[in-house]
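The values are calculated or read from the model by the stated rules, or taken from the named source; none is laboratory data. This is a predicted model, so every value here is computed, not measured. Using ideal geometry, Cβ is built from the backbone for each residue, glycine included, and neighbour counts are taken over all protein chains shown. With ligands, DNA and RNA removed, areas are computed over all heavy atoms of the protein, side chains included. Shrake-Rupley method; radii C 1.70, N 1.55, O 1.52, S 1.80 Å.
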Amino acid sequence: MVLGTVKGTVVSTRKCEKLVGYKLLLIEPYYGNKENIIVAADSLGSGIGELVLVTTDDTTQYAIDREAPIDAFVVGIVDAPPVIGK
């Protein structure tokens, strides 16, 4: 899983019909290398600037209700940033 910030959207003129209904978002990781932008599908309605939780790799297929060619999917919108320590 990846915690990240929505930085933008991906607009395509054509996409796989199994991806219809999903918005494609650009996600910047909250931790680690911020240059590794992830493209993730979203059905929750996440917006630019929101902190989201993204599932990646083969666990993605468990998060969606149909077989779609994606390897990253937004599974949650985080209300508050994580607090580390006291």
Out of A68, A72, A80, A41, sole residue that is of a type in the set (G, A, S), under 16 Å from L3 (Cβ atoms), open to solvent by less than 90 Å² (accessible area, probe 1.4 Å) and touching a Ser or Thr at 6+ places or on another chain (Cβ under 9 Å): A72
Sole exception among (1) open to solvent by less than 80 Å² (accessible area, probe 1.4 Å); (2) modelled with pLDDT under 95; (3) not in a loop (DSSP other than H, G, I, E, B) for S12, by number: (3)
All positions within segment 72-86 that are in contact (Cβ under 8 Å) with a residue 60 or more places away in the chain and over 15 Å from E50 (Cα atoms): A72
Pairs where the first residue, in segment 1-15, is within 14 Å of E35 (Cα to Cα) and the second is open to solvent by 90 Å² or more (accessible area, probe 1.4 Å) and not small (G, A, S), C-beta under 6 Å, 6+ apart: V6/I48
Extreme residue, farthest from P82 (Cα to Cα), among residues of segment 20-57 that are among the charged types (D, E, K, R) and at pLDDT 85 or above: K23
Lone unmet requirement of (1) open to solvent by 70 Å² or more (accessible area, probe 1.4 Å); (2) modelled with pLDDT under 85; (3) hydroxyl-bearing (S, T, Y) for T60: (1)
